[in-house]
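The next block holds one structure in the form of C-alpha cells; read it before the comments.
What follows is calculated from the coordinates using simple rules that are stated; it is not laboratory data. Quick caveat, the model's predicted, so the values are computed rather than measured. Glycine gets a Cβ as well: all are built from the backbone with ideal geometry, and neighbour counts include every protein chain shown.
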Amino acid sequence: MLYPNPFNLIISMQRVFSPDVDPDAVRFVLGDYPSDPAAIEEVVLERIPYYYDWEVHNMPWYFPTTRAVLEKGRGDCKARAIVLGSILEAKHIPYRINSSPIHVWVEYEGKVETSIENPRARFYQQDPETGKKFFQIPDIGLREVMNSTWRGFWHPMPDGRKALLLSGIFVLALIRVLLYKNRAVGIDKI
C-alpha cells in the first residue's frame, strides 16, 4: 500500500549511504550560482521548493537522484541536499552530507548550526573526498522525531492510501484474532 513498487524503498535505503551526488547534472546551472557555499545553499533552497515525498513521488519516503530532482523542480531535504552537494562538488568546495532519522543536510565550512543541522543530530555522515563513514546515535528528542514523522508521513498521505493502510491493519488484526480462536478451539478438543 505504501510502496506499490518495493524496489523504490530498497534503492532509497542504498542512497542514504551513497547519495546520488552528480556534478555533471548541475553543470548547466553553475554560472547562475555564487561561490560562497552559504549563498549557494540559499539559492538551492529558493529554486527547489520544499515538498514532501508523498507530494512529489507518491510514496512516503524516497531518496531521488540529482537529475530527478532537477526534472521535478521540487523535493524535500534529501532532494535539496543532493543538489547542493552536486553544485558544491562541481565547484570543488568541500562538503559532507549528513543524515539523521528526520533530516538530511549538507555540512560545509562556515555552515551555521540549527536544532536539526548539527553534529549531535547526525546519525550518518560520509566524506566524499575520503570516503570515510561516520555513525553515531543521534541526539534528537523522541517528540521531535514523532512530530516530524506526523508532518512528513501521515499528514500529506493521500486519503485513499490512509484508508488502505488502516483497513490493512484491521484485516491483519482480524486474521490474528480468528487464528487465535481456531487454535483455542483445537486445543479444547484434545
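Numbers at a glance
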| quantity | calculated |
| --- | --- |
| Protection proxy ranking, peptides 152-160, 166-174, average beta carbon neighbours within 10 Å, highest first | 152-160, 166-174 |
| FRET efficiency for Ile169 and Arg67, using Cβ-Cβ distance with R0 set to 45 Å, rounded to 0.05 | 0.80 |
| Contact order relative to length of the chain, as percent, for alpha carbon pairs under 8 angstrom and 6 or more apart | 19 |
| Dipole magnitude (debye, nearest 20) for region 1-129, charges at Cβ of Lys, Arg, Asp, Glu | 300 |
| Options Gly168, Leu45, Met59, ranked by Cα towards positive dipole end of the chain, top entry (Cβ charges) | Gly168 |
| Unsatisfied cross-links (Cα-Cα over 22 Å) in the set Lys78/Lys162; Lys78/Lys133; Lys91/Lys111 | Lys78/Lys162 |
| Theoretical FRET efficiency, 1/(1+(r/R0)^6), r = Cβ-Cβ of Ala39 and Phe153, R0 35 Å, to 0.05 | 0.60 |
| DSSP H segments from the chain that extend 18 Å or more along their own axis, Cα-based, with Kyte-Doolittle mean of 1.0 or above | 77-90 |
| Among (i) 8, 30, 31, 15, 8, 5, 2, 1, 0; (ii) 9, 36, 36, 17, 1; (iii) 10, 28, 22, 19, 13, 7, 2, the entry that matches P(r) over Cα pairs in 10 Å bins from 0, in percent as calculated here | (i) |
